[in-house]
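Below is one structure, written out as structure tokens, with a few remarks after it.
The values are calculated or read from the model by the stated rules, or taken from the named source; none is laboratory data. Owing to the predicted nature of the structure, the values given are computational and were not obtained by experimental measurement. We place every Cβ from the backbone using ideal geometry, glycine too, and count neighbours over all the protein chains shown. Quick note on the areas: whole protein, heavy atoms, side chains included, nothing else; ligands and nucleic acids left out. Shrake-Rupley method; radii C 1.70, N 1.55, O 1.52, S 1.80 Å.
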Amino acid sequence: MEKNPDSIEISGTAKQTAAIMAGKIIALVATFAMPLFLTRFLSKSEFGLYSQFYILINFLTIIFSLGVQSNLYYFYPKASEQKQKSLIVHTVILLLIFTLVAIGLVNVPLLNKYLVGQGELINYTMFISLGVLFLLPVIIIEPLYVARVDNLTSVFYPPAVVLSRLMFVIGFAVIWQSLNSVMFGIISAGFVCFLFVMFYALRGIEPANIRKYIDIELAVKQFKYSWPFGLALVLNTLALQFDKIICISFLAPAAFATYAIAFYGIPGVEQVYQSLSQVYLIKMAEKHHENKPAEISEIYKSLVTKTYSFSVPAIVLVSLYAERIIVLFFTAKYVDAVPLFRIYILSFLIFMLGAGLILRATDRTILSLKAYFFSSILTIPLTYFLIKYYGIWGGITSAMISIILPKTIQLRYEMKLVESNVFTYFPWRKFLRIAVISITAIFPFALIEYFFDYGNFLVVFFGLVYLLIVSLVEMKYGVFVFDGVSVDKLIRVVTGRLPLKGYIRS
């Protein structure tokens with residue numbers, strides 16, 4: 001029987017994808033409890049200051065990690081047990097070194113004014129330093145549990161991190177009633193996560209004999225793989241976050257709060273994408289090792305069909321209910337973020353194309369570096385001037401350009417790598433099918449929204465009905481995020497009933 005290219009993943013892959021996805025989605029639900037609390041507990045100006053603090057920590061964490069943890073996706077699955085321990089030790093040591101460098105730069109007076117700005121955030125330099133100390137090294141855990149195929153940790157770690165952060169922040173805020181207590185809660189939760197991740201990563205490694213795990217030749221290979229991707233990640237982060245760093249200097253905290261709300265994205269979409277891409281990256285790397293470029297292309301087409309199958313309907317649905325979502329989660333104080341929010345979520349159409357994954361899987365990360373380098377020559381100065389002269393609207397414009405331009409260049413490189421072009425590289429027919437299904441299904445809900453007044457409970461109900469309709473039709477036409485066989489088995493296990501033969505194509 002001919003193999004369906006959209007069912008290219010084996011059951012183990014589907015199981016791992018589901019585990020990673022479940023962990024991220026559970027974490028997402030808990031994540032939204034934080035702004036739900038803070039936008040009500042803090043004034044708009046205080047929430048803007050908190051957003052500056054949190055965004056800056058994430059910016060420094062990504063920039064100074066240099067993407068070194070990504071080497072585990074490539075080297076760990078095929079390595080012997082001894083080499084796996086060496087890979088982990090090298091990665092942990094490098095992350096700790098980069099952490100100290102980041103903290104040092106944050107505390108150098110001549111430099112921190114460009115990172116922290118010269119506003120109120122400068123008073124929180126110590127909190128920022130502690131945040132980097134505890135949050136940067138822990139980024140090793142995600143590639144590690146993916147490479148280990150540790151489905152239990154995949155499910156429980158992401159929500160545990162978010163829930164611990166929520167517990168500390170709300171607990172300290174209720175007790176001490178201040179912005180400082182909120183930031184101290186972030187730091188305390190980070191410390192707990194740091195202890196767990198170090199135990200998880202280094203278990204089975206004897207600290208007293210750490211030198212026996214040092215393999216210089218292997219470390220050089222790791223660095224050789226990581227540095228182009230790492231520099232590309234730095235440039236990518238600059239492209240995606242530079243607007244927010246510049247906004248720290250040019251926007252008042254209350255205006256920054258509005259700007260930050262616009263980038264909260266769509267609940268679940270990015271988490272599902274990351275879950276899929278991490279697993280598919282390993283599969284593409286395996287095909288590269290086996291010298292099967294044609295199969296890499298088929299795996300990619302399967303991946304982007306799945307990413308568009310959930311992202312397109314999500315974008316359509318969230319665009320319709322954007323104002324209700326903002327007011328529900330962040331209160332009416334932030335309704336001015338709605339148009340910015342609607343613009344930003346369109347960027348997911350580019351993000352879901354997985355630009356750069358094939359370059360990583362085939363060890364061509366130097367091309368990602370080139371893509372971000374060439375685009376940053378334009379986007380970094382453009383971002384500065386757009387924000388300086390046009391404020392928030394200049395920021396959202398520069399953010400969209402910075403997202404789209406490097407991804408487009410990466411995709412062009414990948415097309416050449418698999419000897420394809422824009423007409424054959426993407427599964428255009430399936431994209432069109434997904435778009436038609438998503439847009440057609442939203443019409444009755446748009447009419448209801450326009451002509452009737454109703455509460456948020458019905459909004460949730462209508463949203464679920466819309467997603468159910470789209471999912472069933474996508475299953476029927478073979479473009480759903482999970483293939484028909486996997487859904488069929490899941491239904492059998494969960495309900496013990498007969499499969500939905502009319503809708504699920506096996």
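On full extension, the segment bounded by residue 199 and residue 449 gains 84.9 nm, given 0.36 nm per residue less the C-alpha separation.
Restricting region 180-275 to trypsin sites (Lys or Arg not before Pro) that sit in a DSSP loop and have at most 14 other Cβ atoms within 10 Å of their own Cβ leaves 203. Taking every C-alpha pair closer than 8 Å and separated by at least 6 residues, the mean separation divided by the residue count of the chain gives a relative contact order of 20 percent. Legend: calculated FRET efficiency, residue 457 to residue 174, from the Cβ-Cβ distance at R0 = 30 Å, rounded to 0.05, equals 0.60. Which of the three applies to the chain, rounded, prolate or oblate, going by the alpha-carbon gyration tensor with a ≥ b ≥ c and a/c under 1.5 meaning rounded? Because its axes are fairly even, with a/c under 1.5, the chain counts as rounded. Heavy-atom accessible surface of region 239-371, averaged per residue, reaches 30 Å², computed with a 1.4 Å probe. In loop segments of region 383-455 as defined by DSSP, the GluC sites (Glu not before Pro) with at most 15 further C-beta atoms inside 10 Å of their C-beta are 419. Long hydrophobic helices in the chain: the complete DSSP H runs spanning 27 Å or more by Cα along their own axis with mean Kyte-Doolittle hydropathy of at least -1.0 are 11-31, 44-65, 81-106, 151-176, 179-202, 216-250, 269-289, 293-320, 365-417, 428-451, 456-476. By a 1.4 Å probe calculation restricted to protein chains, residue 397 has an accessible surface near 70 Å², given to the nearest 10.
Here is the list for region 282-316: GluC sites (Glu not before Pro) lying in DSSP coil, each with at most 14 other C-beta atoms within 10 angstrom of its C-beta, are 290. How large a share of the accessible area of region 384-432, in percent, is made up of carbon and sulfur atoms when the probe is 1.4 Å and the other protein chains stay in place? About 66 percent, which is the carbon plus sulfur part of the accessible surface. Exposure check, 1.4 Å probe, all protein chains in place: residue 95 carries approximately 0 Å² of accessible surface.
Accessible-area rank, largest first, for 243, 363, 150, 453: 453, 363, 150, 243, with all protein chains present and a 1.4 angstrom probe. Taking 0.36 nm per residue of sequence separation and removing the Cα-Cα distance, the residue 412/residue 464 pair yields an extension gain of 15.0 nm. When only the Cβ of Lys, Arg, Asp and Glu is charged (+1, +1, -1, -1), the dipole of region 292-375 relative to its Cα centre reaches about 80 debye.
Among 83/283; 287/416; 430/476; 83/212, which pairs are too far apart, with a Cα-Cα distance over 19 Å? Correct reply: 83/283.
Of the solvent-accessible surface of region 156-296, computed with a 1.4 Å probe and all protein chains present, 67% belongs to carbon and sulfur.
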